[in-house]
1. Counting just the residues of the range 91-128 that are of a type in the set (A, V, I, L, M, F, W, C) and surrounded by fewer than 21 Cβ atoms within 10 Å (Cβ to Cβ), which one comes out farthest from the chain's Cα centre (by Cα)?
2. Considering only residues that are away from ligand 2 (no atom under 16 Å from the Cβ) and either in a loop (DSSP other than H, G, I, E, B) or under 16 Å from Asp63 (Cα atoms) (or both), which ones fall in the range 158-168?
3. Any residue that is acidic (Asp, Glu) and either within 12 Å of the chain's Cα centre (by Cα) or within 21 Å of Asp46 (Cα to Cα) (or both) - is there at least one of those in the range 149-162?
4. Going by the structure shown, is Glu117 out of contact with any helix residue (DSSP H, G or I) (no Cβ under 6 Å at 6 or more places or on another chain), more than 14 Å from ligand 1 (Cβ to nearest atom) and modelled with pLDDT of 95 or more?
5. Considering each residue of the range 129-161, count those that are near ligand 1 (Cβ under 10 Å from one of its atoms), among the β-branched types (Val, Ile, Thr) and touching a Gly at 6+ places or on another chain (Cβ under 6 Å), and give that number.
6. Scan the range 56-67 and give yes if some residue there is among the aromatic types (Phe, Trp, Tyr), modelled with pLDDT of 95 or more and surrounded by 15 or more Cβ atoms within 10 Å (Cβ to Cβ), otherwise no.
7. Condition check: within 28 Å of Glu30 (Cβ to Cβ) and within 16 Å of ligand 1 (Cβ to nearest atom). Does Leu85 satisfy that?
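The values are calculated or read from the model by the stated rules, or taken from the named source; none is laboratory data. Everything quoted here is computed from the prediction, not taken from an experiment. Here Cβ is always computed from backbone atoms with ideal geometry, including for glycine, and neighbour counts include all displayed protein chains.
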Amino acid sequence: MTGTWRWLLAAMVAWTIAAPAAEMTPSEREPSDADEPVVTLVQGGDETTLSLADIEQSLTLFDTELEHFEGPSGTFTGVRLRDLLAEHGLDEARRVRLTGSDGYTIFLDREEIEAKERLLATRLDGEPIPADAFGPLMLMVPAEADAALAGETSVTKWIWAVTTISGS
Ligand SMILES: Nc1nc2c(c(=O)[nH]1)N[C@H]1C(S)=C(S)[C@@H](COP(=O)(O)O)O[C@H]1N2
Ligand SMILES: [Mo]
């Protein structure tokens, strides 16, 4: 092996060891064709309703393997929150508010949106996530999954059952 190859191999091994358990990688899954509405986007006076098909067909899908602190575990597939916001002009908002079907609500300001890679998961092990199991849309920070599970980081912004996203 030449020096360069040896160095490259060492770097790859080091990266594999150091890589966070739950990284996001582009998915090879086929986008959904389920067209029932799952989420409403609100911006000014405009409201748009999106289905899983609308979300998955217009954006790059990512996979991440993690154990969610509420129990569900496996390969989650979804879109980057940032991509979804950009696709619908909500990246211009000062902050966005996400609300769940249970009324739980969070705000994310632009800085927070930029700071962390958030996955809006639409599937678990290839299947849509049932409404009675935190679905159909779950927001997560894959890079912090292990810390979340260990109770070492705040998970107040891991909102599940997201039904509304509005800009303000
Ligand atoms: N839809 C929804 N998402 C939610 C919550 C909730 O009540 N509803 N609770 C949040 C909070 S405050 C925390 S600490 C974690 C874990 O919530 P739990 O302790 O109520 O299980 O999930 C977050 N995501
Ligand atoms: Mo909480």
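1. Taking the range 91-128 as the starting set, the residues that turn out to be of a type in the set (A, V, I, L, M, F, W, C) are 93, 96, 98, 106-108, 113, 115, 119-121, 124.
Narrowing the set further to residues that are surrounded by fewer than 21 Cβ atoms within 10 Å (Cβ to Cβ) leaves 93, 106-107, 113, 115.
Details: Ala93: 19, Ile106: 15, Phe107: 15, Ile113: 12, Ala115: 14 Å.
Going through the qualifying residues, I end up with Ala93.
2. Ser168
3. Keep residues of the range 149-162 that are acidic (Asp, Glu), which gives 152.
If we keep only those that are either within 12 Å of the chain's Cα centre (by Cα) or within 21 Å of Asp46 (Cα to Cα) (or both) as well, we get none.
No, the range 149-162 contains no residue that is acidic (Asp, Glu) and either within 12 Å of the chain's Cα centre (by Cα) or within 21 Å of Asp46 (Cα to Cα) (or both).
4. Numbers: out of contact with any helix residue (DSSP H, G or I) (no Cβ under 6 Å at 6 or more places or on another chain): yes; more than 14 Å from ligand 1 (Cβ to nearest atom): yes; modelled with pLDDT of 95 or more: yes.
In short, yes.
5. 1
6. Pass one, the range 56-67, residues among the aromatic types (Phe, Trp, Tyr): 62.
Narrowing further to those that are modelled with pLDDT of 95 or more: 62.
Within this subset, residues satisfying the condition of being surrounded by 15 or more Cβ atoms within 10 Å (Cβ to Cβ) are 62.
Yes, that holds for at least one residue.
7. Values: within 28 Å of Glu30 (Cβ to Cβ): yes; within 16 Å of ligand 1 (Cβ to nearest atom): no.
No.
To keep it simple, each residue is scored yes or no on (1) more than 16 Å from ligand 2 (Cβ to nearest atom); (2) of a type in the set (Val, Ile, Thr); (3) part of a helix (DSSP H, G or I).
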| site | (1), (2), (3) |
| --- | --- |
| Ile106 | no, yes, no |
| Glu112 | yes, no, yes |
| Arg123 | yes, no, no |
| Asp132 | yes, no, yes |
| Pro136 | yes, no, no |
| Glu144 | no, no, yes |
| Thr156 | no, yes, no |
